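J.: Questions regarding the structure given below will be posed in turn.
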Amino acid sequence: MTTPACLDFTIYQGATFRAPLERVTVPYPVREECGQLVKACSGEPVPDADKVPEDYTGCTARMQLRREIDDPEVLLELSTATGGIELDGPWLRLLMTAEQTAAFVYGAVAPGWTSCIGQIEITRPSGDVERQYELHFALYPEGTR
């Protein structure tokens, strides 16, 4: 079982959004502290020798953005099939075009939104599905049109 990494991002409405995510695994519990992985029990930095890079060879990925996790409306779907997610070695890269982010409706009441959630699921060549990321996004409105 994979524990999803939880990350926060800002989407600037009308601007291209790119997020490169490098995934590694280690054989013990870890946490992020000041931008680096540390051992959960001791707080010591995780040595590079303990990090095993992810291998996305033959995998596909998808993510749906929703206002809330149980909201039936999908704000945007990204996938390897559509080019919104690229898998390369240990790297997973997200891409939202300027046109896609410009189409988001900013506001506190639907159809608008100010924050949303997306979960990235990886499908292995075996058919196994892993939820690897839970991403929280804040939408910052565009002033230049």
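The values are calculated or read from the model by the stated rules, or taken from the named source; none is laboratory data. Every value quoted in this text rests on a predicted model; they were computed, and no experiment measured them. When we count neighbours, we look across all protein chains shown, and the Cβ atoms used for this are built from the backbone with ideal geometry, even at glycine.
J.: Could you give me the residue pairs with C-beta distances under 8 Å whose first residue belongs to segment 6-34 and is at positive phi, whose second residue is of a type in the set (S, T, N, Q) and assigned to a loop (DSSP other than H, G, I, E, B) wherever it lies, and which are 6+ apart or on separate chains?
T.: Every condition considered, the pairs that remain are Gly14/Thr144.
J.: Now for a different question. Only residues that are assigned to a strand (DSSP E or B) and either more than 18 Å from Tyr56 (Cβ to Cβ) or among the polar types (S, T, N, Q) (or both): list them for segment 119-133, please.
T.: Correct list: Gln119, Thr123, Gln132.
J.: Can you name the residue in segment 2-32 that is at pLDDT below 90 and in a loop (DSSP other than H, G, I, E, B) and is also surrounded by the fewest Cβ atoms within 10 Å (Cβ to Cβ) among such residues?
T.: Per the stated criteria, the residue is Thr3.
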